[in-house]
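Written out below as structure tokens is the structure these notes cover.
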């Protein structure tokens with residue numbers, strides 16, 4: 001192991017690459033997944049086909065999925081990002097549906113009684129109240145994505161997996177441990193942060209709705 | 001499209017190699033989950049009995065879940081070297097965590113009233129465990145095993161990095177030579193295997209778990 | 001069917017969270033508290049942040065290059081084993097010393113992966129071996145004359161792929177079947193032909209690439225009419241330890257690997273000359289050279305400067321002494337007076 005002063009630039013780079021892959025993937029999955037979830041709540045017959053497709057994608061092992069994507073994406077971070085988007089979609093779509101479903105029907109009725117349009121009800125009532133559940137989905141996507149992204153180092157994506165592969169290649173357990181600890185700590189950190197956000201949102205949710213409607 | 005189906009041709013042309021790798025994959029997956037279950041279940045019972053152990057064990061398995069599988073595989077190397085057995089050990093370690101977590105929670109949350117009733121009927125500790133708590137926890141335990149099995153099918157592909165064999169060999173060979181049919185001859189069967197494992201365990205659960213305990217949909 | 005499974009999963013939703021972990025799916029109970037109580041929380045977070053930072057910085061690798069120059073940035077690739085990491089770092093160090101900005105994309109994967117990256121322009125250069133270019137990339141028949149192989153490869157890369165071979169750096173890193181010395185002596189095996197009668201009792205350890213390449217296992221087995229009892233695909237870094245520990249009997253090694261003498265292994269003789277020569281030289285995209293032809297001059301500074309023994313010594317520094325490839329490469333170049 002080398003000293004902290006030696007080359008923090010490279011180390012930071014690996015961590016940032018890791019965060020970037022997972023971050024972009026989850027963001028894209030949110031942009032696609034939330035509207036899909038909203039659509040499903042309106043058109044219930046879509047739930048089975050969409051959620052089943054996402055579940056099937058979810059069972060595909062990561063090394064296999066990276067491999068299958070390479071002919072389309074080339075090597076580098078792209079196959080990793082695409083794979084993580086596909087994996088994240090399931091939890092995000094599912095939790096969007098669950099989040100909206102969890103909103104008290106009386107609350108939605110009240111909003112309707114106040115003369116809100118469907119779009120207003122969605123943006124002002126259903127989504128804000130369903131948010132904690134959606135954030136719970138994001139948390140799962142992020143935490144699991146951080147683990148999966150280590151394998152992506154094999155397809156040239158960079159990130160903390162590099163340390164683990166280097167460790168295997170040079171028979172250097174120190175490097176493996178460093179890669180594992182850093183990945184694990186990153187996952188725990190993300191877990192903690194998003195869990196906190198969930199709790200804050202839940203607290204907000206319990207407050208009277210007037211504030212949000214004023 | 002013809003390209004995408006060329007993997008079937010590859011399997012047909014290399015039946016012995018494919019059969020061997022496929023069986024290795026099944027063995028890695030099946031044995032790791034079976035051994036994992038044998039280790040995790042007693043640990044879960046222990047955690048449910050000894051209050052002081054429950055918290056640290058839950059914490060360890062929670063944190064353990066965040067350690068990448070690849071790292072577990074790599075850390076086994078210095079002790080056990082390369083090949084099938086080290087891969088199996090790493091996969092077993094990986095399988096223990098979800099089974100333990102589910103089993104512990106299932107037993108912990110078994111209905112206290114039912115357990116009291118069993119105690120009232122004079123059931124011994126062992127009887128209570130095997131006749132009441134474990135059956136009550138069975139849907140949750142099953143979910144854990146299902147998870148572990150699907151996960152193990154995927155993680156077993158990583159065995160190809162350390163000489164453990166399995167279908168990951170074909171994926172890595174296909175990647176090394178950018179040979180799509182070879183790559184897909186590994187990747188597609190693995191994906192199908194994972195789905196099959198999921199369906200199989202789901203079916204087994206419906207079949208084995210007592211009707212009254214089946215989780216009704218919300 | 002899948003629908004039912006999904007229903008079951010969703011009905012368990014309130015009890016369990018489904019989490020995907022690398023490789024598969026895992027469930028995690030919402031009620032397990034990963035986080036300690038209020039008092040310790042801040043400490044835990046600081047601890048975690050510190051862990052990320054310390055573990056990562058403690059194990060850093062190569063530097064990120066100098067800045068502030070008008071010369072083009074050169075992206076350098078390499079395959080995924082020690083020697084390639086070293087020669088990749090040497091390319092990088094030479095170019096940096098000459099004032100170029102360098103983007104290190106080392107450790108890409110096997111041969112074809114690095115080659116594809118070069119073709120696509122993801123990288124501008126990596127160091128390739130003449131024999132590998134001949135058989136694995138151009139799919140031409142094996143030749144044994146060192147100069148002829150280089151000439152053929154150079155001409156074909158230029159006309160077909162728009163890639164330039166620069167001057168070879170001197171060492172010939174041929175594929176080699178390697179055994180433990182005492183085991184080879186005991187079985188009386190000196191050459192590949194000696195293996196023929198014994199192969200069906202021996203297990204081969206090889207890279208996944210060697211197992212599948214035409215100039216790898218399928219070719220050798222055909223040329224010598226032998227068949228190993230079993231073969232295990234391994235990451236390149238694990239081969240030597242595996243044969244040394246007796247977990248496999250024969251490995252597909254590289255002739256310039258310093259661990260061969262260090263671990264008391266012996267290289268068997270390729271008596272039918274199945275393997276072509278594998279001299280290492282940088283391959284650069286024509287497009288890159290068009291932008292700045294001086295890049296070739298910089299990389300040619302190492303032409304003929306590294307012989308087999310020197311390369312084996314450098315490899316050993318990394319494999320045995322656990323030194324950082326970037327450091328080993330720079331130290332060597334400095335000693336040669338090639339960089340400041």
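Throughout, read-outs are computed from the coordinates displayed, never taken from laboratory work. This one's a predicted model, so the numbers in the text were calculated from it and none came from an experiment. As a convention, Cβ positions derive from the backbone with ideal geometry for all residues, glycine included, and neighbour counts pool all protein chains shown.
Counted by neighbouring Cβ atoms within 10 Å, the residues C:306, B:115, C:123 run from fewest to most as B:115, C:306, C:123. Extending 7 Å from Cα along the Cβ direction at residue B:19 and again at residue C:151 yields two label points whose distance is 5.0 nm. Arranged from fewest to most other beta-carbon atoms within 10 Å of their beta carbon, B:201, B:57, A:114 become A:114, B:57, B:201. Computed packing ranks the peptides C:109-122, C:287-300, B:178-191 as B:178-191, C:109-122, C:287-300, most packed first, by mean other Cβ atoms within 10 Å.
Per-residue shielding of A:85-98, expressed as the average number of other chain Cβ atoms within 10 Å of the residue Cβ, stands at 2.
Counting, for every residue in C:212-225, the Cβ atoms of other protein chains within 10 Å of its Cβ and taking the mean gives 1.
Inter-chain Cβ neighbour count for B:73-81, averaged per residue, equals 6 (cutoff 10 Å, partner chain atoms only).
Across B:22, B:130, B:161, mean-square fluctuation computed from a Gaussian network of chain B (C-alpha pairs under 10 Å connected) peaks at B:130. When the helices of chain A are scored as -39500 (n - 2.57) per DSSP H run of n ≥ 4 and the total is divided over every residue, the value at 222 nm lands at -26500 deg cm²/dmol. Normalised by the number of residues in region B:1-137, the average gap of Cα pairs under 8 Å and 6 or more apart makes the relative contact order 29 percent. Suppose R0 equals 25 Å; then what is the FRET efficiency for residue B:59 and residue B:112 from their Cβ-Cβ distance, rounded to the nearest 0.05? For residue B:59 and residue B:112, the calculated efficiency is 0.55.
What whole number of Å gives the distance from the Cα centroid of region C:245-284 to the Cα centroid of region B:104-134? What the calculation gives is 63 Å, centre to centre. The value of relative contact order for region B:72-218, using C-alpha pairs under 8 Å at least six residues apart, is 26 percent.
In terms of its C-alpha gyration tensor, region A:140-189 comes out oblate, because a/c is 1.5 or above while a/b does not outweigh b/c.
Once the Cα atoms are used to define both axes, helix B:2-13 deviates from the longest principal axis of chain B by about 80 degrees. Three principal axis extents of chain A based on alpha-carbon atoms, in descending order, are 68, 38, 21 Å.
Which residues does a label at residue A:112 reach in region A:24-47, if reach means a backbone N under 14 Å from a point 7 Å past the Cα toward the Cβ? Residues passing the 14 Å test: A:42.
When Rg and the Kirkwood Rh are both derived from Cα coordinates, the Rg/Rh ratio for the protein assembly as shown amounts to 1.01. Ordering A:42, A:169 by the number of other Cβ atoms within 10 Å of each residue's own Cβ, fewest first, gives A:42, A:169.
Between the alpha-carbon centres of region C:77-148 and region A:147-165 there is a gap of 21 Å. Against chain A, whose longest principal axis is taken from its Cα atoms, helix A:77-101 shows a tilt of about 30°.
The label-point distance for residue C:140 and residue A:52, in a model that sets each label 7 Å from Cα toward Cβ, rounds to 5.5 nm.
Where the centre of each part is set by its Cα atoms, how far does region A:50-77 sit from region C:178-240, in angstrom? Region A:50-77 and region C:178-240 have Cα centres spaced 35 Å from each other. Across chain A, C-alpha contacts under 8 Å between residues 6 or more apart give a mean separation that, scaled by the residue count, equals a relative contact order of 25 percent.
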